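The values are calculated or read from the model by the stated rules, or taken from the named source; none is laboratory data. For clarity, every value in this text was computed on a predicted model and none was experimentally measured. Positions of Cβ are generated from backbone atoms using ideal geometry, with glycine treated the same way; all protein chains shown enter the neighbour counts. Surface accessibility is based on the protein's heavy atoms, side chains included, excluding ligands, DNA and RNA. Shrake-Rupley method; radii C 1.70, N 1.55, O 1.52, S 1.80 Å.
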Amino acid sequence: MIDSTLRVLRTDIAGLPMEWVGFEEAARLHSLEQILYPMGSVLYTVHGGINACSGQQSTLALHSIICTAGRSRAHLKRLPSYTPPLNNITLFRRDANLCLYCGGHFRSSDLSRDHIEPVSRGGSDSWQNVVTDCKSCNHHKGNNTLQEAGMELLAVPVVPTHAEYIYLSGKRILADQMKFLLAHFPRNSPLHERVG
């Protein structure tokens, strides 16, 4: 039985992490001969049809990390101007489900996205201007600046690199996938302390 919650980490030809794919997509890439080489452990064994001559059923081993052929735009994700998409799931994971005002640890359902400089006052909806906060702190701050609300940030918000974003967007990351991703994090990444 295949556990569809486990995802395959896809890299480009240079070995840079690109995205998470399901086993169906990994099998499709294999059938199109776009997998240059597998890495990591065998995650799935997919069974195919039975060969009419040999009577043997075909099998396909899908690894936890696959390096794929073809033109990749992953190199663009290393440019200083690259910014990964912002969403609450990755934001809350970036901030370790902590309210960056009171320091409390909360479930994702009890958190919200706060704009340090309110959008209505010219603030942007960007990684550098948003933090995770609890609903109580969000209500207290309201449409005020930090100074007006008498509040302080416990950490400076940062823009994750693409490799960090891939980690933040993953649900169940296996040890070999984590080791691979860690090797692509910047040396000063705060995620090293959390996952290393």
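Descriptive notes on the structure:
- Sites listed here are trypsin sites (Lys or Arg not before Pro) in region 80-149 whose DSSP assignment is loop and whose Cβ has at most 12 other Cβ atoms within 10 Å: Arg107.
- Label zone at Thr5 (point 7 Å along Cα-to-Cβ), backbone N below 19 Å, region 148-186: 167-178
- Entry comment: accessible area of region 97-196 is 56 Å² per residue, from protein heavy atoms only and a probe of 1.4 Å.
- Label assignment, P(r) over Cα pairs in 10 Å bins from 0, in percent derived from the structure, set (i) 9, 36, 40, 14, 1; (ii) 8, 29, 28, 19, 11, 4, 1, 0; (iii) 8, 30, 35, 18, 6, 2, 1, 0: (ii)
- Around Cys67: net Lys/Arg minus Asp/Glu count, Cβ-Cβ under 11 Å: 0
- Considering only GluC sites (Glu not before Pro) in DSSP loops that have at most 14 other Cβ atoms within 10 Å, the longest stretch of the chain without any of them is 34-151.
- Normalising the average separation of contacting C-alpha pairs (under 8 angstrom, six or more residues apart) by the number of residues puts the relative contact order of the chain at 20 percent.
- Of the solvent-accessible surface of region 38-196, computed with a 1.4 Å probe over protein heavy atoms with every protein chain present, carbon and sulfur atoms account for 54 percent.
- Part-to-part distance (alpha-carbon centres) for region 129-187 and region 6-30, which is given in Å: 25
- Gln34/Lys179 FRET efficiency (R0 22 Å; Cβ-Cβ; nearest 0.05): 0.40
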